[in-house]
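Working notes for the structure below.
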Amino acid sequence: MLSCRRLRKTYQTDRGPVDAVRGVDLDVAARHYVAVIGRSGSGKSSLMAMIGGLSQPSAGSILIEGADIWSFNDNAMAQFRNRRIGYIFQFASLLPTLRAIDNVALPALLDRHSGTADTYNRAAQLLTEVGLGSHFDAYPSEMSAGEQRRTVIARALINNPILLLADEPTSDLDVETESEIMALLLNVNHERGTTLILVTHNLALASKAEQVVQIADGAIVP
Ligand SMILES: Nc1ncnc2c1ncn2[C@@H]1O[C@H](COP(=O)(O)OP(=O)(O)O)[C@@H](O)[C@H]1O
Ligand SMILES: [Mg+2]
């Protein structure tokens, strides 16, 4: 479902160009769980941001379900991101002035492809699925870090994405909360069949993946 070819990312900085991703070829099968591992600074987040349509490749191509995503115009890209990709990043934050259920519903409301009542029903169902059946009306400041992350996961699923991108989603959580959140993500992958690409430092988690991609110095370690 995903195919990256000769993908490169070079940042122009005051100190000169930084080659963060240097020619990555990557194929991911639908429904698979792929773990991405590698040292800090190796280019994992740069790779994820390009796959997620958030950061333009310097060279190379990314096909998702056959579509060359970086050939889309801005509107098509925005719609593609909102409809097809779910993001769970460490700093993927909730809007503080909205209740949990509004935060979860928001990506579907923005897209206007389903009615408000239907969207709120699905948001309630998703919050229940992630274990927050009694927190619909909670504001982010009233939830624990783990509960906030569960809400982010529910929000990522509201538009039924085909691809979930999770970039070190639990690195700021305690060990127990981390394992709860990870179990939830793997469950989403198994039960819904959503393809999952997870950047993690947790080798036990990586060992459960169908495919482990190790990145070093901007390239995949063969
Ligand atoms: N926006 C940016 N501008 C300049 N350099 C960047 C930027 N983002 C990342 N880098 C550099 O690119 C390299 C890879 O970073 P990153 O993709 O964040 O790696 P990782 O996620 O594996 O820690 C690092 O050397 C980092 O300093
Ligand atoms: Mg990173």
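No value in this document is a laboratory result; all are computed from the given coordinates. Computed from a predicted structure; not experimentally measured. Neighbour counts are summed over all protein chains in view; Cβ atoms, including those assigned to glycine, are modelled from backbone coordinates with ideal geometry.
Electrostatic tally near residue 203: other residues with Cβ closer than 15 Å to its Cβ, Lys and Arg +1, Asp and Glu -1, net +1. Normalised by the number of residues in the range 2-220, the average gap of Cα pairs under 8 Å and 6 or more apart makes the relative contact order 32 percent. Distance between the modelled labels on residue 13 and residue 191, one decimal in nanometres: 4.2 nm (7 Å Cα→Cβ projection).
Along the chain, the exposed loop sites are trypsin sites (Lys or Arg not before Pro) outside DSSP states H, G, I, E and B with at most 13 other Cβ atoms within 10 Å, and the longest stretch free of them is 113-222. In this simple spin-label approximation, residue 74 and residue 172 carry label points 7 Å from Cα along the Cα→Cβ vector, and these lie 2.9 nm apart. When only the Cβ of Lys, Arg, Asp and Glu is charged (+1, +1, -1, -1), the dipole of the range 99-222 relative to its Cα centre reaches about 420 debye.
Taking Lys and Arg as +1 and Asp and Glu as -1, the other residues whose beta-carbon sits under 14 Å from that of residue 3 total -2. Restricting the calculation to alpha carbons of the range 39-109 gives Rg and Dmax of 14.3, 41 angstrom. As a proxy for reagent exposure, ranking 198, 26, 110, 186 by other Cβ atoms within 10 Å from fewest up yields 110, 186, 26, 198.
Computed over the chain, the per-residue total of -39500 (n - 2.57) for DSSP H runs of n ≥ 4 gives a 222 nm mean residue ellipticity of -11000 deg cm²/dmol, rounded to 500. Is the range 94-209 rounded, prolate or oblate when judged by the Cα gyration tensor, a ≥ b ≥ c being the square roots of its eigenvalues, rounded requiring a/c under 1.5 and prolate requiring a/b larger than b/c? Since a/c reaches 1.5 but b/c is at least a/b, the shape of the range 94-209 is classed as oblate. The residues 3, 134, when put in order of fewest to most other Cβ atoms within 10 Å, stand as 134, 3. The residues packed around residue 58, meaning those with a beta-carbon under 14 Å from its beta-carbon, carry a net charge of +4 if Lys and Arg are +1 and Asp and Glu are -1.
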